[in-house]
1. Could you count how many residues in region 196-222 are more than 9 Å from the ligand (Cβ to nearest atom), part of a loop (DSSP other than H, G, I, E, B) and out of contact with any Phe, Trp or Tyr (no Cβ under 8 Å at 6 or more places or on another chain)?
2. Being under 19 Å from Ser206 (Cα atoms), touching a residue at least 40 places away in the same chain (Cβ under 8 Å), part of a loop (DSSP other than H, G, I, E, B) and open to solvent by 20 Å² or more (accessible area, probe 1.4 Å) is the filter here; which residues of region 3-55 pass it?
3. Is there a residue being away from the ligand (no atom under 16 Å from the Cβ), in contact with a helix residue (DSSP H, G or I) (Cβ under 6 Å, 6 or more places away or on another chain) and either of a type in the set (Ser, Thr, Tyr) or over 29 Å from Phe210 (Cβ atoms) (or both) anywhere in region 44-61?
4. His62 is checked against (1) part of a helix (DSSP H, G or I); (2) under 20 Å from the mean Cα position of the chain (by Cα) and fails just one. What number does that condition carry?
5. Being closer than 15 Å to Arg17 by Cα and open to solvent by 70 Å² or more (accessible area, probe 1.4 Å) is the filter here; which residues of region 203-229 pass it?
6. Would you point out the residue of region 160-174, among those that are more than 15 Å from the chain's Cα centre (by Cα) and either assigned to a strand (DSSP E or B) or at pLDDT 95 or above (or both), that is farthest from Gly202 (Cα to Cα)?
7. Looking only at region 56-75, how many residues end up being open to solvent by 10 Å² or more (accessible area, probe 1.4 Å), in contact with a strand residue (DSSP E or B) (Cβ under 8 Å, 6 or more places away or on another chain) and within 23 Å of Asp112 (Cβ to Cβ)?
8. Test of understanding: among Arg180, Arg104, which residue is among the charged types (D, E, K, R) and more than 30 Å from Asp67 (Cβ to Cβ)?
Amino acid sequence: MNRADELSANLAQVHQRIGAACISAGRPRDDVSLIVVTKTYPASDVIALASLGVTDVGENRHPEAGDKHDEAAGDLTWHFVGGLQTNKASAVARYADFVHSVDRTKLVGALDKGARAAGRTVGCFVQVALSDESGRSGVTPDAVLDIAGAIASATSLSLAGVMAVAPLGGDPDAAFAELREISTSLIAHHEEATKISAGMSGDLESAVKFGATHLRVGRSVLGERPPTR
Ligand SMILES: *Cc1c(COP(=O)(O)O)cnc(C)c1O
């Protein structure tokens with residue numbers, strides 16, 4: 001099978017899973033967006049995915065993300081989903097439409113400055129560390145409103161919502177149920193912040209069940225990545 005056919009078949013399977021999960025959850029399919037996480041794969045895959053109808057892609061590292069953005073061009077929406085150092089924020093704000101990993105006010109300031117300099121608006125998700133996970137990035141649930149407030153009052157950022165990665169080896173249902181509660185209390189303060197970025201190849205059904213609006217799926221579309229480092 002050539003690469004385009006392989007991607008097409010994998011994509012069809014992922015759409016099938018999302019469709020089935022939406023039916024089980026009683027949610028309209030239109031409520032859930034698929035972001036294909038293309039990290040470690042070449043720009044040629046991004047281009048092939050775009051021609052297969054993919055509209056949103058995710059990357060987790062700078063400058064890899066920026067290079068692929070420039071190479072793939074086109075009409076894609078770019079999501080930065082990885083940990084982000086403050087000194088790289090300006091550069092990322094030039095090409096990312098959304099940053100899913102906002103976890104400190106210093107980063108908010110740096111992203112805002114970069115977005116303003118580029119004459120753009122960048123959508124931001126507050127990344128939350130769900131209970132019992134040490135070592136995962138993100139803010140504790142009680143700090144979400146602080147960061148969200150900083151994003152909402154920045155001139156060149158918009159507050160999208162919350163993002164989380166389910167704890168390794170934990171129960172994704174419990175994690176995503178908690179994330180939904182955090183989202184509900186955020187929306188009470190910021191009615192625009194309705195997005196929930198949750199769910200990956202292994203747990204997208206659970207994420208859909210608990211209200212995810214943006215799934216970040218890599219391996220199920222592109223294949224297993226070689227281990228990093
Ligand atoms: C790599 C990555 C994903 C995609 O994970 P898969 O298991 O490949 O689907 C999602 N979110 C983040 C933050 C990632 O780094």
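The values are calculated or read from the model by the stated rules, or taken from the named source; none is laboratory data. Being a predicted model, the structure only gives us computed values, none of them experimental. Note: ideal-geometry Cβ built from the backbone for every residue, glycine included; neighbour counts use all protein chains shown. These area figures cover heavy atoms from the full protein model, side chains too; ligands, DNA and RNA do not enter into them. Shrake-Rupley method; radii C 1.70, N 1.55, O 1.52, S 1.80 Å.
1. The qualifying residues number 1.
2. Scanning region 3-55 gives a single hit, Arg27.
3. Of the residues in region 44-61, the ones away from the ligand (no atom under 16 Å from the Cβ) are 44, 47-48, 50-53, 55.
Now narrow it down to the ones that are in contact with a helix residue (DSSP H, G or I) (Cβ under 6 Å, 6 or more places away or on another chain): 47-48, 52.
From what is left, the residues that are either of a type in the set (Ser, Thr, Tyr) or over 29 Å from Phe210 (Cβ atoms) (or both) are 47-48.
Yes, some residue in region 44-61 is away from the ligand (no atom under 16 Å from the Cβ), in contact with a helix residue (DSSP H, G or I) (Cβ under 6 Å, 6 or more places away or on another chain) and either of a type in the set (Ser, Thr, Tyr) or over 29 Å from Phe210 (Cβ atoms) (or both).
4. (1)
5. Glu205, Lys209, Arg219
6. Start the filter on region 160-174 by keeping residues that are more than 15 Å from the chain's Cα centre (by Cα), which leaves 167-174.
Among the residues that remain, those that are also either assigned to a strand (DSSP E or B) or at pLDDT 95 or above (or both) are: 172-174.
Values: Pro172: 10, Asp173: 12, Ala174: 15 Å.
The residue in question is Ala174.
7. Qualifying residue count, region 56-75: 4.
8. Details: Arg104 fails: more than 30 Å from Asp67 (Cβ to Cβ).
One residue alone meets the criteria, Arg180.
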